[in-house]
């Protein structure tokens, strides 16, 4: 009888553990590295002027972080962000209402996320985009979109926004 009880307990624990793993395929610590960006935000430039709003939420049982940007001047866009366990990277696909598409790949660091594009040919030569999100101590998030040449020399700052949670 003792062995039957032990066996049943072992089966119950095994099935329960398996069900938890299957029930949430995207609940690993790696899948949560970008959660600091989730929220309903007002976005301001460095001078304190509001430049847009951004609703960032999880979709598909926590497997996608979805960005919904609306700029104060009418621009808008969406991004889909996901962690890829096969290569241990974060990936973003951004598409704007003007047809601009940006594909980024990178990794999380402590309180930040750094994603880069593949090299792109432009008017001033070949460059890549790098976007960094930083979780600040006061609960805000800073986003920096920078342009670099292939040697890593800084060329331009395309965007800097400070995200503040809506009240």
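Laboratory data are not the source of any read-out in this text; all were calculated from the coordinates shown. Computed from a predicted structure; not experimentally measured. Positions of Cβ are backbone-derived with ideal geometry, glycine not excepted, and every protein chain shown enters the neighbour counts.
Across segment 53-75, what is the number of residues that are surrounded by 14 or more Cβ atoms within 10 Å (Cβ to Cβ) and touching a strand residue (DSSP E or B) at 6+ places or on another chain (Cβ under 8 Å)?
Let us first name the residues in segment 53-75 that are surrounded by 14 or more Cβ atoms within 10 Å (Cβ to Cβ), namely 53-56, 58, 62-71, 75.
Subsequent filtering for residues that are touching a strand residue (DSSP E or B) at 6+ places or on another chain (Cβ under 8 Å) retains 53-56, 58, 63-71, 75.
Looking only at that region, the number is 15.
Taking the condition of being part of a strand (DSSP E or B) and within 16 Å of the chain's Cα centre (by Cα), how many residues in segment 102-146 meet it? It would help to see each step written out before you state the result.
Within segment 102-146, the first condition is being part of a strand (DSSP E or B), and the residues that meet it are 102-109, 112-116, 120-122, 125-135, 141-146.
Narrowing the set further to residues that are within 16 Å of the chain's Cα centre (by Cα) leaves 102-109, 112-116, 129-135, 141-145.
Residues in segment 102-146 being part of a strand (DSSP E or B) and within 16 Å of the chain's Cα centre (by Cα): 25 in total.
Scan segment 29-51 residue by residue and report those that are in contact (Cβ under 8 Å) with a residue 12 or more places away in the chain and at positive phi.
39
Tell me which residues, restricted to segment 37-52, are in a strand (DSSP E or B), surrounded by 16 or more Cβ atoms within 10 Å (Cβ to Cβ) and within 15 Å of the chain's Cα centre (by Cα).
Answer for segment 37-52, where residues must be in a strand (DSSP E or B), surrounded by 16 or more Cβ atoms within 10 Å (Cβ to Cβ) and within 15 Å of the chain's Cα centre (by Cα): 39, 41.
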